[in-house]
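Below you'll find the structure, written out as structure tokens, and then a few comments.
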Amino acid sequence: NNLRCHHWLDFQAYERATMREAYRKGRPIRSLERVFLLLAFFAVVVTFGLHKTVTKHDSASSSSWFYPGLGAIRRKETRLYVPSPAEHTLMQNLGALGYNTGNDANASGCDIWYLENNTTANASLVKLSKDLNAFRRELATYARVVREFAGVSGDLRQNLTDHDVAHNHEVCRQLDLHPNGLLGIFPSGQLSSFQSGSGFVEPLFPPMRHPETCFPRDNYAQEEILHLMSPEYLVHDFAAMCRQLKPTSRIVFVDMGASLGFHDNKPIEDESYRQPALWLINLFRKFGFYFDHIYAYELQPTPPDEVFARLPPHLMPAYHWINVGINTTPGHELNPFTSLLSTFNEDDLILVKLDIDTPKLEMQLALQLLEQEDTTTQTTTTESNGSRPSESQDGKTSLSNSTGPRLRRLVDQFYFEHHVHLAELAQLWGEETMEGSVKDSMKLFLKLRKLGVPAHFWV
């Protein structure tokens, strides 16, 4: 703006001098000539501005024009969500797929995966099945590439600067798993994406777990259990997340339902199965995201020495064991969102996992992420130990303003095990813990994503 102002002042001075000279010679400047002079001036200014803009983008990355999350866009400036074609079709057919069940019936999440070669089924559903299975095959490649990735040496933030976008881009480029990024691993185009911030994510699909759950092989029982509890269907765009970091960004994991020995009684030696939360933490660490704080909330009484005996030594300084029930009242000190709102900001990278196996409380917390600006009251919530918070005479807890928009700007990844009436998980969850339909869950997660929260089904 200063540059343009100087150009304008120079132009005015030049114009006055030209007019004085013209009048001195007895030849007034015609109006048309003044118009041409103005057009010429603005052409120079616009050309200069475009040159600077293109140079800025080129110095960051030539791919910043079409890859989500790249370039010099500041983090969380916009989180426009684009569902994959398969996800879009799925959302348009929730009723036709039988996902709108009541509390007395469980919908199958696997049936759609079996229609790929069906010649009598609805053509659009067959196409949907083909698209989902294309993603499933590419997902196997992605999981293998992630496992084989050598990892990053040290904390990424130590190599970032506050002023050199091109340098930061090169630092983050080392996290690309393919020369063409994740699109090189998922060429079918079935990844969903956020246009900044989190980049690509897996599409939303039933059975809300790894799709290989629907295709057990050799040892049926063990294969099915392993895939049911494996989080390797999650897709993370680490390069895009890296490009949103600053050297001063804090990396935080809020684990609601943090029992580290949840699957210790099962005869399967696999970290992703036995301790999914630790698998997620170690996955981020492998890509250079070192956690500064891990807030672990767990109601089940567990001696701290048992908890810390299970932790890798490198997590000890960051791990906060909070062995009490969660309170869902907004602003309560035992509501984990309260600490996020009072302590952290949008420059921080924040992961939230919600899995306390109490549907009513889980939904109260999930819905706090969906609150809009005009929300001024909320129905009374309940603590996870069964007690009720203080309330007004009309049975509602007053809020000074909605925390939903602020929370959505803080939470970069949200993992939620939503217990709904899904046939493949009914035995694992138990009927008493399931509320709502698969359609309800799909719409909830889609709404979270459309509001800018990268929401994932959890195990």
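Residue-wise test of (1) farther than 23 Å from D111 by Cβ; (2) open to solvent by less than 10 Å² (accessible area, probe 1.4 Å); (3) modelled with pLDDT of 95 or more; (4) polar (S, T, N, Q).
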| position | (1), (2), (3), (4) |
| --- | --- |
| D155 | yes, no, yes, no |
| N159 | yes, no, yes, yes |
| P187 | yes, no, yes, no |
| S196 | yes, yes, no, yes |
| F200 | yes, no, yes, no |
| V235 | yes, yes, yes, no |
| C242 | yes, yes, yes, no |
| I251 | yes, yes, yes, no |
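Would a scan of segment 321-336 turn up a residue that is at pLDDT 95 or above, in contact with a His (Cβ under 7 Å, 6 or more places away or on another chain), open to solvent by 30 Å² or more (accessible area, probe 1.4 Å) and not aliphatic (A, V, I, L, M)? No, segment 321-336 has no match at all. Test A150 against the criterion of being of a type in the set (A, V, I, L, M, F, W, C), modelled with pLDDT of 95 or more, out of contact with any strand residue (DSSP E or B) (no Cβ under 6 Å at 6 or more places or on another chain) and under 28 Å from E417 (Cβ atoms), and give yes or no. It is false that A150 is of a type in the set (A, V, I, L, M, F, W, C), modelled with pLDDT of 95 or more, out of contact with any strand residue (DSSP E or B) (no Cβ under 6 Å at 6 or more places or on another chain) and under 28 Å from E417 (Cβ atoms). The residue of segment 280-304 that is surrounded by the most Cβ atoms within 10 Å (Cβ to Cβ), among those that are among the hydrophobic types (A, V, I, L, M, F, W, C) and over 12 Å from L260 (Cβ atoms), is F289. Scoring E212 on the criteria (1) surrounded by fewer than 19 Cβ atoms within 10 Å (Cβ to Cβ); (2) over 18 Å from the mean Cα position of the chain (by Cα) leaves a single failure, condition (1).
Here is a check on your reading of the model: is T338 among the β-branched types (V, I, T) and free of Cβ contacts under 8 Å to residues at least 24 places away in the same chain? Criteria met by T338. Taken over segment 271-315, the criterion of being free of Cβ contacts under 8 Å to residues at least 60 places away in the same chain and within 15 Å of L349 (Cα to Cα) is satisfied by I281, R285, F291, D292, H293, I294, Y295.
What are the residue pairs meeting all of these: first residue in segment 119-131, first residue of a type in the set (S, T, N, Q), second residue part of a helix (DSSP H, G or I), Cβ atoms under 6 Å, and 6 or more apart or on different chains? Qualifying pairs under 6 Å: S129/I112. Quick check on my filter: what residues within segment 330-369 are out of contact with any helix residue (DSSP H, G or I) (no Cβ under 9 Å at 6 or more places or on another chain) and farther than 13 Å from L410 by Cα? Matches in segment 330-369: L334, K360, L361, E362, Q364. The set of residues in segment 161-173 that are under 22 Å from the mean Cα position of the chain (by Cα) and either open to solvent by less than 30 Å² (accessible area, probe 1.4 Å) or free of Cβ contacts under 8 Å to residues at least 40 places away in the same chain (or both) comprises N168, H169, V171, C172. Could you check, for segment 118-130, whether at least one of its residues is touching a Gly at 6+ places or on another chain (Cβ under 7 Å) and either modelled with pLDDT of 95 or more or open to solvent by less than 20 Å² (accessible area, probe 1.4 Å) (or both)? The answer is no, given that none of the residues of segment 118-130 is touching a Gly at 6+ places or on another chain (Cβ under 7 Å) and either modelled with pLDDT of 95 or more or open to solvent by less than 20 Å² (accessible area, probe 1.4 Å) (or both). Scan segment 309-317 and give yes if some residue there is of a type outside the set (D, E, K, R), buried (at least 20 other Cβ atoms within 10 Å of the Cβ), out of contact with any Cys (no Cβ under 8 Å at 6 or more places or on another chain) and not in a loop (DSSP other than H, G, I, E, B), otherwise no. There is no residue in segment 309-317 that is of a type outside the set (D, E, K, R), buried (at least 20 other Cβ atoms within 10 Å of the Cβ), out of contact with any Cys (no Cβ under 8 Å at 6 or more places or on another chain) and not in a loop (DSSP other than H, G, I, E, B).
The values are calculated or read from the model by the stated rules, or taken from the named source; none is laboratory data. For clarity, every value in this text was computed on a predicted model and none was experimentally measured. Every residue, glycine among them, receives a Cβ derived from its backbone with ideal geometry; neighbour counts consider all protein chains shown. Each accessible area value is taken on the protein alone, full model and side chains, heavy atoms only, with ligands, DNA and RNA left out. Shrake-Rupley method; radii C 1.70, N 1.55, O 1.52, S 1.80 Å.
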